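So the structure is just underneath, and the comments pick up after that.
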Amino acid sequence: MATKLGNPKQTIEIIQKHGFMFQKKFGQNFLIDTRVLEKIVAAAGVTKDDCVLEIGPGIGTLTQYLAEAAGRVIAVEIDRNLIPILEETLAEHENVTVINQDILKTDIKGLADAYHGGRPLKVVANLPYYITTPIVMSLLEGEDLVDSITVMVQKEVAERMMEGPGSKEYGALSLAVQYYARPEIVANVPPNCFIPRPNVGSAVIRLTKHETPPVQVKDPKKMFQLIRASFNQRRKTLPNGIGNAPELPYTREQAAAALEKMGLSPAVRGEALSLSQFAELADLLE
């Protein structure tokens, strides 16, 4: 019978049995707290109707919990040294498919077509912190590939996703996440819930995709270019940030004139504008 994972003893035993060495480049921190594992699955609202995409299953701890709750689990793991361990820990779960691949190069639409009749997947994962943002953004930007994302991330990244205008944590990530989804922190997780212990606190955040974006904008791509330009050089005024951005065709003067039409000072900085104001600015500059 496969070992039921989720506590320090079993985790250490399976790592030692396979002579597994942690690789810093993959940001590997395995969960060793059953309450946190239960909380993640409950927060994601996983049912037997769901096909779950798990990113970075590690030794299969969260995977075991997901397999019991979901109809199907697709676990994408980049580290091939973990594949033999996953074959052992998930041996009893016939509804799990393990794929040895980099998630950023994985055809998620292909997985949804193959395993879930093309319907959106639920993403549940303890994400590697070093590539949290690219993973989350590629999932959100993909056309209707996922309906919700429930992930463990660095606490400060989770807080940044929730931030509103005016705070120094507010930035391009806050705006992008809030354009595509409704973020909600569902649990804070201290470092002692992992092996090895990370140096930072963690949080579980649930992102529920909007059916239609909360703001209407003619060209979302252009709006995000404006957002990035305005936060790339946070100390600069918004017209300077936009005027200096090589990917944007607008001058400092055009940006200042558009802001004036919106009743805003040309000395304003990006962190003062809400998502709807960025949408309005993008449409005025078009």
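Among the candidates Leu140, Leu121, Leu90, single out the residue that is in contact with a Cys (Cβ under 7 Å, 6 or more places away or on another chain) and open to solvent by less than 70 Å² (accessible area, probe 1.4 Å). Explain how you work it out, then say what you get.
Numbers: Leu140 fails: in contact with a Cys (Cβ under 7 Å, 6 or more places away or on another chain); Leu90 fails: in contact with a Cys (Cβ under 7 Å, 6 or more places away or on another chain).
The match here is Leu121.
Inclusion of Ile227 among residues that are of a type in the set (A, V, I, L, M), closer than 30 Å to Ala42 by Cα and open to solvent by less than 50 Å² (accessible area, probe 1.4 Å) is not warranted. Only a single criterion out of (1) among the hydrophobic types (A, V, I, L, M, F, W, C); (2) buried (at least 16 other Cβ atoms within 10 Å of the Cβ); (3) more than 30 Å from Gly241 (Cβ to Cβ) is not satisfied by Ala114, namely (2).
Within region 48-88, the set of residues being in a loop (DSSP other than H, G, I, E, B), over 23 Å from Pro196 (Cβ atoms) and within 21 Å of the chain's Cα centre (by Cα) comprises Asp50, Ala70.
Quick one: in region 69-87, of everything that is among the charged types (D, E, K, R) and surrounded by 13 or more Cβ atoms within 10 Å (Cβ to Cβ), which residue is farthest from Val123 (Cα to Cα)? Out of the qualifying residues, it is Asp79. Among the residues of region 191-205, those that are in contact with a Ser or Thr (Cβ under 8 Å, 6 or more places away or on another chain) and either under 17 Å from Gly164 (Cα atoms) or without any contact (Cβ under 8 Å) to a residue 40 or more places away in the chain (or both) comprise Pro191, Ile205. Of note, Ala112 satisfies the criterion of being touching a Leu at 6+ places or on another chain (Cβ under 8 Å) and assigned to a helix (DSSP H, G or I).
The number of residues in region 44-68 being farther than 17 Å from Asn100 by Cα, crowded, with 19+ Cβ neighbours inside 10 Å and small (Gly, Ala, Ser) comes to 2.
The values are calculated or read from the model by the stated rules, or taken from the named source; none is laboratory data. Since we're looking at a predicted model, the values are computed, not measured. Methodologically, a virtual Cβ is constructed for each residue, glycine included, from the backbone with ideal geometry; neighbour enumeration extends over all protein chains shown. Heads up: the accessible areas ignore ligands, DNA and RNA and are worked out on the full protein's heavy atoms, side chains in. Shrake-Rupley method; radii C 1.70, N 1.55, O 1.52, S 1.80 Å.
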